[in-house]
1. What residue, among those in the stretch B:78-96 that are β-branched (Val, Ile, Thr) and surrounded by fewer than 21 Cβ atoms within 10 Å (Cβ to Cβ), is farthest from the other protein chains (Cβ to nearest Cβ)?
2. For the stretch B:114-123, indicate whether the set of residues that are under 16 Å from the mean Cα position of the chain (by Cα), hydroxyl-bearing (Ser, Thr, Tyr), under 14 Å from B:VAL47 (Cα atoms) and more than 9 Å from chain A (Cβ to nearest Cβ) is non-empty.
3. Across the stretch B:153-176, what is the total count of residues that are within 13 Å of the chain's Cα centre (by Cα), more than 13 Å from every other protein chain (Cβ to nearest Cβ) and hydrophobic (A, V, I, L, M, F, W, C)?
4. Please note which helices (runs of 4 or more DSSP H) are completely contained in the stretch B:114-208 and include at least 1 residues that are of a type in the set (A, V, I, L, M) and without any contact (Cβ under 8 Å) to a residue 40 or more places away in the chain.
5. Among the candidates A:LEU140, A:LEU176, A:LEU189, A:LEU162, single out the residue that is touching a residue at least 60 places away in the same chain (Cβ under 8 Å), over 20 Å from A:GLN25 (Cβ atoms) and not β-branched (Val, Ile, Thr).
6. Looking only at the stretch B:27-42, count how many residues are out of contact with any Pro (no Cβ under 9 Å at 6 or more places or on another chain), crowded, with 24+ Cβ neighbours inside 10 Å and not aromatic (Phe, Trp, Tyr).
7. Residues in the stretch A:54-71: is at least one buried (at least 19 other Cβ atoms within 10 Å of the Cβ), touching a Gly at 6+ places or on another chain (Cβ under 6 Å) and in contact (Cβ under 8 Å) with a residue 60 or more places away in the chain?
Amino acid sequence: MARRQKSIKEVFSAGLFKQNPTFVQFLGMCPTLAVTKSVESALGMGAGVIFVLVMSNLIISLIRNFVPKEVRIPIYIVIIASLVTILEMFMKAYTPELASSLGTFLSLIVVNCLILGRAEAFASKNNPIRSVVDGFGMALGFTGGITIIAIFRELFGAGSLLGYSIIPEQYQVGILVQAAGAFLVFGILVSQVNRIRMNKEERSEVA
Amino acid sequence: MEYIAIAFGAIFVNNVVLNQFYGLCPFLGVSTKKSSALSMGMAVTFVITLSTMISYLIYHNVLLKYTMTLNTEFGEITYNLSFLSTIVFILVIASFVQLVEMFIKKFSAPLYSALGVYLPLITTNCAVLGVAIDTTVNSERIGVEGFWQVTIYALGISLGYAVVIFIFSAIREEMMAYPIKKNWQGIPIALITAFIMAMVFYGFGGMV
């Protein structure tokens, strides 16, 4: 192999920073905007994605040598859909409030491009240990990303954090917890992340 | 009249992109040119309407029909197959999209060249699965019932998608002519545009 294989540590940190699914790759944007109304539902969504992505990466990398190339995508989709169904039943049984606040987006983890994307780009080419690490890093990066958005929206929009009220009502910006506010907060955050990345690139070019 | 109210609500008030956040990836990805946005909108309208009708029929005639009663320690519990709905719907949608692609390829070359590239993308468009689930499993959330109401709702939702993605692409095409700061180019400014559009669409909320 001409290119050096990435070490496990690099695989893990890629998902957290350099290839962060939320702010850099823009994967799985529907849940990013939809469940960030409150920090609690963002964390719940993140936990769900961690479970599904780690398990799907593990299973797909275990069967990667037996799956015929032509039918791999349907097979991946069935595996992911089964995992999501397990998660759905589990959440409805043990955390019914969280399940109802996530609503349809719990089932929509199936079509989250992050999960199918990692299956196709990483798990189908790497061994199980590396795939699990990659899945965990990516899912953790996703959770971190949506949690940051949710902190901004909940703190300034509803004046609370995890249900504890912090900012009094007359200083709240109500639009942020409505649907439109999600676009605003996410847009501003992405532009600032871009600015930091560009500054970094410029500095590394000068040095 | 009630059908008109459902359709209007689905197109404008509960707009699929701006209010429910379904199908954002193609919304931001494909909307840089008016022509491709129009094709995408047409393809999505076609697929959402028909796949919602199919999944509604499957849900009510297959998944809810076959039940099994078990004697457990909690008493008699009746199970049906509705827990399989996510798996069944995604398979139905994926195979339906595949079928449509083959059909169009065979019978209409101009339509295929207009929609062909977008059809495979639609399988992972969460609007398709989202509407299918909303109209069956979570139907109390949107308040439509019966086959025809669901069909009208799905048609309205998908037309709403087409309308919004077309307007959005027109704005983005126009925006190309203006200098935008480097860190705002691309996705960030598109998100801000979507924010303003969502605010505008709130105005329709008072009409239903």
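The values are calculated or read from the model by the stated rules, or taken from the named source; none is laboratory data. Keep in mind it's a predicted model, so treat the numbers as computed, not measured. So basically every Cβ, Gly included, is an ideal-geometry build from the backbone, and we count neighbours across all protein chains shown.
1. B:THR78
2. Within the stretch B:114-123, one or more residues are under 16 Å from the mean Cα position of the chain (by Cα), hydroxyl-bearing (Ser, Thr, Tyr), under 14 Å from B:VAL47 (Cα atoms) and more than 9 Å from chain A (Cβ to nearest Cβ).
3. 6
4. B:147-175, B:187-202
5. Every option except A:LEU162 fails the conditions.
6. Within the stretch B:27-42, the subset out of contact with any Pro (no Cβ under 9 Å at 6 or more places or on another chain) is B:27-39, B:41-42.
The next check asks that each one be crowded, with 24+ Cβ neighbours inside 10 Å; those that pass are B:27, B:31, B:37, B:41.
Imposing the further condition that a residue be not aromatic (Phe, Trp, Tyr) reduces the set to B:31, B:37, B:41.
Adding up the residues that qualify gives 3.
7. Yes: the stretch A:54-71 contains one or more residues that are buried (at least 19 other Cβ atoms within 10 Å of the Cβ), touching a Gly at 6+ places or on another chain (Cβ under 6 Å) and in contact (Cβ under 8 Å) with a residue 60 or more places away in the chain.
Let's see how each residue does on (1) touching a Gly at 6+ places or on another chain (Cβ under 7 Å); (2) modelled with pLDDT under 90; (3) of a type outside the set (Ser, Thr, Tyr):
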position	(1), (2), (3)
A:ALA81	no, no, yes
A:GLY103	no, yes, yes
A:LEU106	yes, yes, yes
A:MET138	yes, no, yes
A:GLY141	yes, no, yes
